[in-house]
1. Give the residue, chosen from B:137, B:85, B:43, B:50, that is in contact (Cβ under 8 Å) with a residue 24 or more places away in the chain, outside any loop (DSSP other than H, G, I, E, B), surrounded by 17 or more Cβ atoms within 10 Å (Cβ to Cβ) and more than 14 Å from chain A (Cβ to nearest Cβ).
2. Residues of region A:147-203 being surrounded by 13 or more Cβ atoms within 10 Å (Cβ to Cβ), in contact with an Asp or Glu (Cβ under 9 Å, 6 or more places away or on another chain) and farther than 30 Å from residue A:328 by Cα, which ones?
3. May I ask you to say which residue of A:309, A:371, A:366, A:329 is surrounded by 18 or more Cβ atoms within 10 Å (Cβ to Cβ) and either polar (S, T, N, Q) or at negative phi (or both)?
4. Within region A:4-59, can you find the residues that are assigned to a loop (DSSP other than H, G, I, E, B), surrounded by fewer than 12 Cβ atoms within 10 Å (Cβ to Cβ) and modelled with pLDDT under 50?
5. May I ask you to say which residue of A:380, A:298 is of a type in the set (Lys, Arg), on the phi < 0 side of the Ramachandran plot and in contact with a helix residue (DSSP H, G or I) (Cβ under 7 Å, 6 or more places away or on another chain)?
6. Between residues in region A:218-247 that are in contact (Cβ under 8 Å) with a residue 40 or more places away in the chain and residues that are of a type in the set (Asp, Glu) and surrounded by fewer than 19 Cβ atoms within 10 Å (Cβ to Cβ), which pairs lie under 8 Å by C-beta distance while being six or more apart or on different chains?
7. On the basis of being within 9 Å of chain B (Cβ to nearest Cβ), farther than 22 Å from residue B:117 by Cβ and assigned to a helix (DSSP H, G or I), does residue A:266 make the cut?
8. Would you point out the residue of region B:90-116, among those that are more than 7 Å from every other protein chain (Cβ to nearest Cβ), assigned to a loop (DSSP other than H, G, I, E, B) and in contact with a strand residue (DSSP E or B) (Cβ under 7 Å, 6 or more places away or on another chain), that is nearest to residue B:68 (Cα to Cα)?
Amino acid sequence: MSSDPTDHEASVRARRTEAVAAFEGRRGAIDRLQHALHVTPALVPLIVLTVAILGFTWFLGTRFLEQLPLIMQQVQIVGVLAAAQSLIILTAGIDLSVGAIAVFSSVMIGQLSFRYGVPPTVSIALGLAIGGAIGAVSGWLVSRVKLPPFIATLGMWQIVLATNYLFSRNETIRSREIREEAPMFQWLGVKPNEQLVNWIEASRGIEWERRRPNETDSAVLDFLWATNITYGVLLMVALVAVLAYALRATAWGRHVYAVGDDPEAAELAGVNVRRTLMSVYILAGVICALAGWIMIGRFGSVSPSASTGVLGNIQSITAVVIGGISLFGGRGSIWGVFFGALIVGVFELGLRMAGADAQWTYLLIGMLIIGAVAVDQWIRKVST
Amino acid sequence: MDPEGIDMSAQPILAAKGLTKRYGKVVALDRCDFELYPGEILAVIGDNGAGKSTLIKCLSGAVTPDEGEMTLDGQTVAFASPTEAREHGIETVYQTLAVSPALSIVDNIFMGREKRRPGWRGSVLRQLDKPAMRAFAREKLSELGLMTIQNIDQPVETLSGGQRQGVAVARAAAFGSKVIILDEPTAALGVKESRRVLDLIQDVRARGIPIILISHNMPHVFEVADRIHVHRLGRRLSVIDPKAHSMSDAVALMTGAKEIEEA
């Protein structure tokens, strides 16, 4: 608070003694916790993530901590899809087509260049545009035709996935071909830390490119090499940061929340609900296409039958829910979703390193989903 | 609270002549006339289905009348949407309040007309000018004696019903330069909170903005209104002075149990 509210309050209290302050009944640690969670919804997933990391480190030793960059790489696709999913769910919608859009866009990017000879940069731009166009169709169905988002995107999921198989003729573009002819497609899989180490070594007159870590004679360079971050991971973090800013600090972001909270109230208050919904679905489509580009970097190849097409929607919804965004719309923060995606990654890798059956991961994730929604319901009780 | 203070010889600030609105075969408004004078609280009463909400929707831009004309400050106006009416300085507080419960008081007050930061942060980054918005919201709320609300950033859903109404009225008063329309502002409130809202209405009037008050609550209407527009069968039956008539007269007029004595 920059100015002094006590001044106003003093004058007002004197005039209206019967006024009731909203928080006067709020006492005790539980109430304060509930209020804190209400104001900062990313807090729960952050706490769960921290506890999970500490727990696995305690159990597995620091070798688990060393794998954190790997977890970032493993969650980058789901993380980016979840960012798109967050936008849709904030408007009280749901998008079942996120994974399908990602796979179809990666196929389009690949085939435009390899089948039709389009320059790689143009292919990437077109791939992103196609993602946006698919999002626009869903947005039109939801905002104009007034279909429930679940139905509209259930249909789009099947349509996009089928188009993907038909268009690609089920052909995979192999990693080696891409590396030789269009290395830009794999750029998001490139590791800037390794580039930096190689560049520093080259500037010192060392000619060869390193393939393995711990070969330099400098601890700093060894550490840099081991950091193991890809451009895709950086892109994911940057995307979450930009979206968090846009949602918090711009009028568009406030409108997204308002539309999800109560579309009629938003409309009466002067928000263009239809345009807000369109912008959200188009942006989500572009972000899904971005995930498609990341997929090429992560897998090296372009495959129309990547599992993301079928599982991407459920994985992204899982991250969103664990991240504390309310499925009823209008509540939650995108940082929470980022933490939610990391929680899933931490459990998957941690349990695998501990030698547990993979089913334990699903069991725990299932419990987390239910726990997260229960917490959401509890937080929402503040309003009553 | 003093009808003599209202200058009826002046031109009405908002007037309508011969407004007609049909929904299929149902005539919701039948050549209805309406006048609102500067500085007054005009109550609009009528039985359910009398067409008063259609009248209000025409005035606030939510419905476009089939026939008739409206004038604002003597200028002919026609509103295609609530946003257009708002741009002309007519603000409406809907019965549902039209607030977003999960968003803060500031966000709600500025919803749909946010202020951006000056300079590149506003034009390139489209950053909202939150400090200015907070200061403005705090100023408007304290003008209306609502600063018992401790934190301008708290979500509206943490407020009581009366405080929410206060936020909606403050929003209207902050931006409504010509007319404020209040639709059933006390319908959902308890005795104490209704009291606060009635005080609030008089505070707003004292600042020189005329108010149209739609209400079913006769004691409230008779307490604050300067004149009462009685609506019946899609048109204005009469305008009565609350000092010269009793509540039972008003009820009798609006239900048709009694005919008008003065033209």
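1. Matching residue, one of B:137, B:85, B:43, B:50: B:43.
2. Listed by number, the residues that qualify are A:194, A:197, A:198, A:201.
3. When all the criteria are applied, what remains is A:309.
4. Initially, region A:4-59 is screened for residues assigned to a loop (DSSP other than H, G, I, E, B), giving A:4, A:16-28, A:40-42.
Within this subset, residues satisfying the condition of being surrounded by fewer than 12 Cβ atoms within 10 Å (Cβ to Cβ) are A:4, A:17-18, A:24-25, A:27-28.
Selection gives A:4, A:17, A:18, A:24, A:25.
5. Working: A:380 fails: in contact with a helix residue (DSSP H, G or I) (Cβ under 7 Å, 6 or more places away or on another chain).
Every option except A:298 fails the conditions.
6. A:226/A:66
7. On the way: within 9 Å of chain B (Cβ to nearest Cβ): yes; farther than 22 Å from residue B:117 by Cβ: yes; assigned to a helix (DSSP H, G or I): yes.
So residue A:266 fits the description; yes.
8. Among residues in region B:90-116 that are more than 7 Å from every other protein chain (Cβ to nearest Cβ), assigned to a loop (DSSP other than H, G, I, E, B) and in contact with a strand residue (DSSP E or B) (Cβ under 7 Å, 6 or more places away or on another chain), the one nearest to residue B:68 (Cα to Cα) is B:95.
The values are calculated or read from the model by the stated rules, or taken from the named source; none is laboratory data. Since this is a predicted model, take the numbers as computed values, not measurements. Glycine also receives a Cβ, built like all others from the backbone with ideal geometry; neighbour counts cover every protein chain displayed.
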